[in-house]
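Worksheet: one structure, shown below.
The values are calculated or read from the model by the stated rules, or taken from the named source; none is laboratory data. Everything numeric in this text was worked out from a predicted model, so none of it was measured. With ideal geometry, Cβ positions are generated from the backbone for all residues, glycine too; neighbour counts draw on all protein chains shown. The protein model used for the area step is the full one, side chains on, heavy atoms only, and it has no ligands, DNA or RNA in it. Shrake-Rupley method; radii C 1.70, N 1.55, O 1.52, S 1.80 Å.
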Amino acid sequence: MKQITVLLAEDHMIVREGFRKMLEMENDFEIVGEAQDGRQAVALAKKLHPDVVLMDIAMPLLNGLEATRQVLKAVPDTRIVILSAHSDDAYVKNAIESGAVGFLLKQTSAHMVCDAIREVQKGKKYYSPSVSRRQDRIHPMTPDRTGQFTKKAVQLTSREMEVLQLIAEGKANKETASELGIGIKTVEKHREHIMQKLDIHDTAGLTRYAISAGIIESSVQLTVV
């Protein structure tokens, strides 16, 4: 039997270890790599070409949604299952739009996680039951500056998504430039474009948007004054 190769992308070590031990108990899975942030997940996926990636939605440096887009651009045959502690419509919608074919809540049973990996590897989609029941209610909407949903679609580039995450995580322009390997003026230009596209003109508003869209965890909001 050919084993299904799996890459684990989860920033909390204890959670990642739990998933690894759970999957190692199954004969048809092979854990080929582990990533603790989205950027590392993309690099490992490019190197290892796993069949399936279990991708945490909220990770430092690069969130799971943007990491998913970048992985699928580089390794289109890889299937990605998003893991999240939240099942808000915005999280699910954004995960699907990023290219993920599965969405599981972190409190999902071990049996269901294994089923999800096997099903998506076959080319099918898999969602936690509570998410699946609500699929017909999910519409193409995006959260506005207050966290409410409108029908206006906003498209940010991959680089803009990276800059937005780092802004929402409290990084200054200089830190963001260093992290992404670009100039400060380039960061400022990206920031300007993001604010124009979202019609949000302060850091606190960008952070609220990032939280509502599932780009960062709500705890990050505590760093914003």
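Here r is the Cβ-Cβ distance between R118 and D199 and R0 is 45 Å; the resulting FRET efficiency, rounded to 0.05, is 0.55.
Listed by chain and number, the lysines placed with their C-alpha closer than 16 angstrom to that of K122 are K2; residues fewer than eight positions away on the same chain are left out. Subtracting the Cα-Cα distance from 0.36 nm times the residue separation, let me have the gained length for S132 to M13 in nm, one decimal. Additional length available on full extension: 40.0 nm.
What pairs in K93/K174; K93/K197; K125/K171; K73/K124 have C-alpha atoms more than 25 Å from each other? Over 25 Å Cα-Cα: K93/K174; K125/K171. Atom-type composition of the exposed protein surface of the chain places 52 percent of the accessible area on carbon and sulfur (1.4 angstrom probe). Is the shape of the stretch 51-116 best called rounded, prolate or oblate, per the rule: a/c under 1.5 gives rounded, else a/b larger than b/c gives prolate, else oblate, with a ≥ b ≥ c the square roots of the Cα gyration tensor eigenvalues? The shape class here is oblate.
Restricting the trypsin sites (Lys or Arg not before Pro) of the stretch 1-38 to loop positions (DSSP other than H, G, I, E, B) with no more than 15 neighbouring Cβ atoms within 10 Å leaves K2. For the chain, the relative contact order works out to 16 percent when only alpha carbon pairs closer than 8 Å and six or more residues apart are counted. The Stokes-Einstein estimate for the stretch 3-46, based on a Kirkwood radius over Cα pairs and taken at 25 °C with 0.890 mPa s viscosity, is a diffusion coefficient of 232 µm²/s. Note on the chain: Kirkwood hydrodynamic radius from all Cα pairs is 17.8 Å, rounded to one decimal. Maximal additional length on extending the K125-Q3 stretch stands at 42.0 nm, based on 0.36 nm per residue less the C-alpha distance.
Largest GNM mean-square fluctuation among V15, V53, V113, using the chain with Cα springs under 10 Å: V15. Heavy atoms of the protein chains alone define the surface here; on that basis the chain has 49 Å² accessible area per residue at 1.4 Å probe size. Between S98, S109, S84, the Gaussian network model of the chain with springs among Cα atoms under 10 angstrom shows the greatest mean-square fluctuation at S109. Based on the alpha-carbon gyration tensor of the stretch 1-133 and its eigenvalue square roots a ≥ b ≥ c, which shape applies: rounded if a/c is under 1.5, prolate if not and a/b is larger than b/c, or oblate? The shape class here is rounded. In terms of Cα to Cα distance under 14 Å, which aspartates and glutamates are near enough to K46, apart from those fewer than 8 places away along the same chain? Qualifying aspartates and glutamates at Cα under 14 Å: E34, D77. If you run the Gaussian network model on the chain, springs between alpha carbon atoms under 10 Å, then out of T108, T207, T176 the most flexible one is T108.
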